[in-house]
Amino acid sequence: MGHPTGFLEYSRDLPEKRDPKERIKDYKEIYLEFGEEKIHRQAARCMDCGTPFCHSGCPLGNMIPDFNDAVYDENWEQAVEILTGTNNFPEFTGRICPAPCEASCVLGINKPPVTIEFIEKTIAEKAFEMGLIVPVIPENRTGKKVAIIGSGPAGLACAAQLNKAGHEITVFERAPVIGGLLRLGIPDFKLEKWVVRRRIKMMEEEGVIFKTNANVGKNIPVSMVLDNFDTIVLCGGATIPRDLPIPGRELQGIHFAMDFLSQQNNRVSGDANVLVNHCGISLKEKIVAENKNVVVIGGGDTGSDCVGTSNRQKAKSVTQIELLPKPPDERSPEDPWPQWPVIMRTSSSHEEGCERKWSVLTKEYISDASGNLNALNIVDIEWHKNADGKMHFEEIKGTERKIPCELALLAVGFIHGETDALKAGLDFKVDHSGLVKAHNFQTRNEKVFVAGDMRRGQSLVVWAISEGREAAHAVDIWLTGESFLEKKDKPLLNQLHLFKE
């Protein structure tokens, strides 16, 4: 490494956040400027650790020590060349990835890990600023046409890779806008939408065709896609939310988290009257938190996004409840390095104001006289381990109570993708969980491939990008008999000159 003792000389440092009282007044990203000299110091903390476990921690296999070294040397051209060799969209992952690479950082065994995610974001933005990330139009076209169904991170990554290989790419998106979860699911205070639009515009300039309001199997016949394209790649995501069908579910004021988040993203983008969710499905009513007691059911990232959005909408109170026990503050012996640790995490949204409760079971939605939600009946639970090692819970007597709630947001995960309109026409199978069956991303219909959450289930954006890239490699081989696209186990095939020395 360029500075082998940097990890001893510098401590972990990140940009300061805007004051919570100020930042909840807008939907801008929350971080302040961070001097370039500080970035060099953070890159210098990357150790010459022999076996960089961060590689295996990253679903994309990013060459993290190499781009850190380039950043320390202020060689931004080399840094972006290394980073984009494994990641099509570092400007996304540098903002919204939970950074499993940092959990696997060797320095993190006994010190705070390297600030990998923020360095990644800095490389991307510096590269755009310097004109190092520009549209690259393939010199030769293969004449092969590929239809990609879904424009989320998996679909975009697959499209970018296959376009680079020279195929003609058309992306079908059922929503009115391109980007899937990136555009409609993730709040602007985590990922401002100009970042997504910038990348979409670049992909259009590179030759990718995007079609919105194009729901294959509904308003776009499956037969048309089959007849006009050599290959189809399913990248529709895991979009069917898990419900909580307890007594009172029919009441007004109970909504899926993504419906709530999608509406607000449309408002921020100037589409206040577009009442559609992240699937492009029309919603019957406006969902707003203003002056309401909001209860977010579910303790994950989507629930956290609901907390931040509710505070910005001036909710009367915000409470987040979770069925599972409160995580420990530090790794447990059953959760050793370099695994992703199940530990207590406090997001920027939680910092802005929220009451959090763990080991809580929601038993009933309670109505007012008009049929609107006005309370939840909840009870504390205690978790136990069975003889076979499986966990179960019991209600704690005397803890059942009502809490005020005029808006309940269900953030309890997603089941699988929506395949009913596609299965018969495209002749693929799904497993017992509703996931599309595939071998090496190819379904039993050899013309149809699948990537992302439709194949592996609900996961991270970084995993979706990885899936899209790997599927593109498989599609390229099927179309042409070979592929020069990068794979996770064979990255940077076109960049070996960087490492000759």
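Values as computed for the structure displayed
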item	result
Taking Asp227, Asp69 and counting other C-beta atoms within 10 Å, the order from fewest to most	Asp227, Asp69
Cross-link pairs Lys144/Lys447; Lys28/Lys487; Lys429/Lys487; Lys121/Lys201 - those with Cα-Cα distance over 24 Å	Lys28/Lys487; Lys429/Lys487
Long-range HN-HN contacts of Leu407 with modeled amide H, under 5 Å	Asn293, Val295
Entries of Lys190/Lys423; Lys326/Lys397; Lys363/Lys397; Lys38/Lys314 with Cα pairs more than 25 Å apart	Lys190/Lys423; Lys38/Lys314
About the Cα centre, charge dipole magnitude for the stretch 254-410 (Lys/Arg +1, Asp/Glu -1 at Cβ), debye	360 debye
Val171 long-range amide H proximity, modeled H, under 5 Å	Ile148, Ile209, Phe210, Lys211
Positive dipole terminus of the stretch 254-410, leading residue within Cys306, Gln263, Trp383 (C-beta point charges)	Gln263
Relative packing of peptides 39-51, 335-347, 412-424 - highest average C-beta neighbours within 10 Å first	39-51, 412-424, 335-347
Fewest-first sequence of Ile30, Ile169, Ile246 by Cβ atoms within 10 Å of each Cβ	Ile246, Ile30, Ile169
Cα-based reach from Lys402 at 17 Å (exclusive), listing aspartates and glutamates while leaving out same-chain residues under 8 positions away	Glu322, Glu355, Glu364, Asp368, Asp380
Positive-end residue of Cys97, Ala424, Phe210, charge dipole of the chain with Cβ unit charges	Ala424
Those aspartates and glutamates that a straight Cα-Cα span of less than 15 Å connects to Lys218, excepting residues fewer than 8 apart in one chain	Glu173, Glu418, Asp420
Cβ charges +1 (Lys, Arg) and -1 (Asp, Glu), total dipole of the stretch 298-347, debye	400 debye
Helix-only [θ]222 nm of the chain, DSSP H runs n ≥ 4, -39500 (n - 2.57) each, per residue, nearest 500	-8500 deg cm²/dmol
Among Leu8, Cys46, Pro112 - extreme Cα towards positive end, dipole of the stretch 6-134, charges at beta-carbon	Pro112
For the chain, size of Cβ-based charge dipole, Lys and Arg +1, Asp and Glu -1, in debye	1160 debye
Packing-based exposure ordering (other Cβ within 10 Å, fewest first) of Val216, Val288	Val288, Val216
Prolate/oblate/rounded label for the stretch 254-410 (Cα gyration tensor, a/c 1.5)	oblate
Eligible aspartates and glutamates near Lys390 by straight Cα distance, threshold 17 Å, same-chain separation 8 or greater	Glu334, Asp335, Glu382
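Laboratory data are not the source of any read-out in this text; all were calculated from the coordinates shown. Here the structure is a predicted model, which is why all the values come from computation and not from measurement. Heads up, the Cβs are rebuilt from the backbone with ideal geometry, glycines too, and the neighbour counts pull from every protein chain shown.
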